[in-house]
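Presented below is the structure to which this report refers.
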Amino acid sequence: MNKPYMGKILMVDLSNRTMTEEEIPDRVYEQYLSGMGLGAYILYNRMPAGADPLGPDNILGFCSGFLTGTGSLFSGRWTLVGKSPLTGCWGDANCGGTFSPAIKHCGYDAIFFKGISSGPVYLYVKNGKASLKDAADLWGRDAVETEEALKKQYGPKAAVAVIGPAGEKVSLISGVCSDKGRIAARSGLGAVMGVKKLKAVVLDGVQRIGAHDPAEMKRLSRHCLKWVNFPLPLPGWMLGFVGAFLRVTPIVFPQDGILYTSILRKWGTGGMNQTSIEMGDSPLKNWDGSNRDFPMSRSRTINPDIVRRMEIVKYHCYSCPVGCGGICAAKGKYPHTHKPEYESVLALGGLCMNEDLDSIFYLNELLNRAGMDTISAGATAAFAVECYEKGILTKEDTGGLELKWGNTEAMVALIRKMVDREGIGDLLADGTKIAAQKIGKGSEAFTVHAGGQEPAMHDGRCDPGFNVHYSLEPTPGRHTLGAHLYYEMFQLWKLVKGIPKPAPLFTKNSKFRIDGEKAQMAAVCSKFMSLANGAGMCMFGLFIGAKRVPTFGWLNAATGWRLTPEDYMTVGERIQTLKQAFNVKHGIEPRNNFISGRALGHPPQKRGANQGRSVDIEKLAPGYWEQFGWDTATGKPKEETLRKLGIQ
Ligand code: SF4
C-alpha cells in the first residue's frame, strides 16, 4: 500500500556527532499523524523531565506534515518543535514555503536534534545520506545570506532552514527561517538551535511521497478548488469602514471564511490591517490604547491597497492555491522585501503607535533576516516605550534614544539594538517578561504575555476566544489554535456530530457569556488545529470551511483508513492532551500561563471599541479543561483520560 508517511525519522546527536535512522510503527501515525503530533510523541517520551531548554537534553524537531505531498491542498506546512526557552512549556512554531515536502523527499517524516555541538555545524542530507558539516564561515551571516550561500553550493533545489544572528545570540524571541526570510517564529526555538550551534539544515532528496487513493485525492482537491476563487467586490479603501461597522453593530452573523480567503488572495493577511484596528481586534499602544488613539487618519498609511502597490510578485506555499505571500519593492537598505504580514504590521505599527510604512517594511525584513519574531520584538519595543513614558527607563538607560510613542527613528534604533544585543537591546532581546524581571520598578505591570510569550495582534477583549487560547493552550500566547471567529469559519458542525452550530444572528456580547457551549467550541478548535498541525495544513485554508476543504476526506484517501470526523477529532484531542502532559511532566502549572490582566480587560478600557469589556479567565478555564478530561482545578490531564487516549 502507498502510505502518505515515510515511516522513518532521523535522530542527530550533536554532542557526539552520531546520526540514527529509526523506523516508527504504523500505530504511532494512526494515533498522532506526523507533524506536530509525531513531534509531541517523540519529545514527550524521550526528553527527561525538567530538561533545560538551553541544555543538551532539549530535543529540537523539524516535522513535515502528514498530508504534505499527497495531492491534498493547503498541506505544505512544517512544524518546529522543542521545549520553549521563552515559556519553559511545550514549544512549537510552523511555517509554509517548501521545507515540509523536502523533509519527506529525504525519506523522513521528521529530523530531530539533541545534544550540543562543540562548534558551528549544519546538517546536509542528500538522497538519504546525512552528514554534519562545518558552519564556521556561515556563523554571523543573516538568514537570507546563509540560504543563498548554501544554495550556491548545493543547487537551487536544496531546501534550507536556518537561524540568523538572533538565534546565534540565543535571543529567546528568535525563530528559524526558510525560503529566504520566512520564519517559524514563535516559542523562541531559534535560541535552541543557536545554543546547539546548529546553523542550518539543508535537504536535497527525491523520494516519492505516496497516497493510498491518488484518484480520490485529486477528486477532493478539485472539489476544494471550486471554493478558492470567490471574488471579493470590495475596494481596499472600504476595509476600514467595514471594521468601523463591525465595531458599532451590536448584532453579528457567523463569518464565512470564504470572504477572508478572498482578502488573502488579493492583499495577503495585511488585508485586515485597517479593519482589525477599527473593530477592536488589533491591540494598540501596548494594549492600553484603542481605535481612538490610532484612527483611520493615521492607519490609512497601512491600508492594504498601499501595501499592495509595492508588491512586485506574489508567492504561494507548496500545494496552496491561494498564494497570500508577496515580494515588495521597498525603499532603503532592502530594495526587495517580503510583504509584511498583518501581525508584523500591527506589532511594529499600531502597538508602537508607528504609522510609518517604510519603517515597518525595513524592520520586517531586518527581523526576518535576523530570525527574530516580529510579534515579540514589536511588543517588547512597545513595552520599552511605555516604561520610558512612565519614567522607569531613562535616556541614560536607552543609550540616548528618546523612546516616545510614534518616534519611528528611535524605535528602529531600539530594534536594531535588540537584534545586535547591544546596550538596552541586550536587556530586551528575550521578550517582555524577562526584561521586566531585569528592570524591576513595577515594570511588570506594562508587560502583556502568557507564560512569557507575547500574544499576537488579536485582542481577546474583542473576541474572548483569543484570551481562552492564549491562556489555556499548552503553547501559551498562540493565536493560531482557536477563537470564536475561527469556530465560525471552520464550520465543523457540518461534519462533526454533537457540536454546537452558531445561531444565524447573535449579539457580540453573547460571545462573552461563560457557558458549556463556549467551552466546547474552544475545545473543538484546539482539537481540530492540533489535528491540522499534525497533517501540515494551513489554518487559512481551513477557514474556508470543513466541507469545502476536506481535511478528513483527504486523510482517509491518503491512508485507506475509514475513520469518521469524530475519530479524527479524537486524534486532535490526543495530540493536545499529550502536549499538556508534556508540560505537566516538566513541572509547569497551567494556571501560571494565564495572560496578563491588561489583555483580559482588568481594568476594562474606558473608551474605544472594547470599552467596558473584560474576560474572566478564572471562570473560563475549568470549562475548557473539563472538555478534555483534565482536572478542572489544575488543568492537569487525569489518569483516566491518559488511559482512554492510550497515552502512557
Ligand atoms: S494561504 Fe498563504 S500561508 Fe497558507 S499555505 Fe497559502 S500561501 Fe501559505
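Looking at Pro565, Pro590, just one residue is away from the ligand (no atom under 16 Å from the Cβ), of a type outside the set (Val, Ile, Thr) and closer than 19 Å to Thr70 by Cβ, and that residue is Pro565. Considering the range 281-328, the residues that are within 16 Å of the ligand (Cβ to nearest atom) and on the phi > 0 side of the Ramachandran plot include one that is surrounded by the most Cβ atoms within 10 Å (Cβ to Cβ), namely Ser319. Does the range 343-358 contain at least one residue that is without any contact (Cβ under 8 Å) to a residue 60 or more places away in the chain, more than 16 Å from the ligand (Cβ to nearest atom), among the charged types (D, E, K, R) and farther than 30 Å from Leu67 by Cβ? Within the range 343-358, one or more residues are without any contact (Cβ under 8 Å) to a residue 60 or more places away in the chain, more than 16 Å from the ligand (Cβ to nearest atom), among the charged types (D, E, K, R) and farther than 30 Å from Leu67 by Cβ.
Pairing each residue of the range 478-493 that is on the phi > 0 side of the Ramachandran plot with any residue that is of a type in the set (A, V, I, L, M, F, W, C) and in a loop (DSSP other than H, G, I, E, B), provided the two are 6+ apart or on different chains, yields C-beta distances under 8 Å for Gln491/Ala546.
Please go through the range 226-269 and pick out each residue that is over 16 Å from Met539 (Cβ atoms), within 16 Å of the ligand (Cβ to nearest atom) and assigned to a helix (DSSP H, G or I). Those that are over 16 Å from Met539 (Cβ atoms), within 16 Å of the ligand (Cβ to nearest atom) and assigned to a helix (DSSP H, G or I): Ser262, Lys266, Trp267. Hey, can you tell me all the residues within the range 69-78 that are within 11 Å of the ligand (Cβ to nearest atom) and not basic (Lys, Arg)? Within the range 69-78, Leu73, Phe74, Ser75, Gly76 meet the criteria.
Inclusion of Leu54 among residues that are modelled with pLDDT of 95 or more, part of a loop (DSSP other than H, G, I, E, B) and either of a type in the set (Gly, Ala, Ser) or more than 16 Å from the ligand (Cβ to nearest atom) (or both) is warranted.
With the condition kept exactly as written, say whether any residue in the range 576-593 is outside any loop (DSSP other than H, G, I, E, B) and more than 25 Å from Lys644 (Cα to Cα).
Yes, some residue in the range 576-593 is outside any loop (DSSP other than H, G, I, E, B) and more than 25 Å from Lys644 (Cα to Cα).
Please pick out the residue among Leu414, Leu401, Leu393 that is out of contact with any Cys (no Cβ under 7 Å at 6 or more places or on another chain), surrounded by 22 or more Cβ atoms within 10 Å (Cβ to Cβ) and over 24 Å from Gly167 (Cβ atoms). Only one candidate qualifies: Leu401. Which residues, taken from the range 544-555, are more than 24 Å from Leu645 (Cα to Cα) and crowded, with 23+ Cβ neighbours inside 10 Å? Residues satisfying the conditions are Ile544, Val549. With the requirement that a residue be under 24 Å from Val170 (Cα atoms) and not in a helix (DSSP H, G or I), what does the range 341-388 give you? Within the range 341-388, Gly371, Met372, Asp373 meet the criteria. Going through (1) surrounded by 20 or more Cβ atoms within 10 Å (Cβ to Cβ); (2) within 24 Å of the chain's Cα centre (by Cα) one by one, Ala558 falls short only on (2).
Only one entry in Gly107, Gly88, Gly76, Gly96 is farther than 19 Å from Leu43 by Cβ and surrounded by fewer than 24 Cβ atoms within 10 Å (Cβ to Cβ), namely Gly107.
The values are calculated or read from the model by the stated rules, or taken from the named source; none is laboratory data. Keep in mind that this is a model prediction, so the values were computed, not measured. Here the Cβ is made from the backbone with ideal geometry for all residues, glycine too, and neighbour counts use every protein chain on show.
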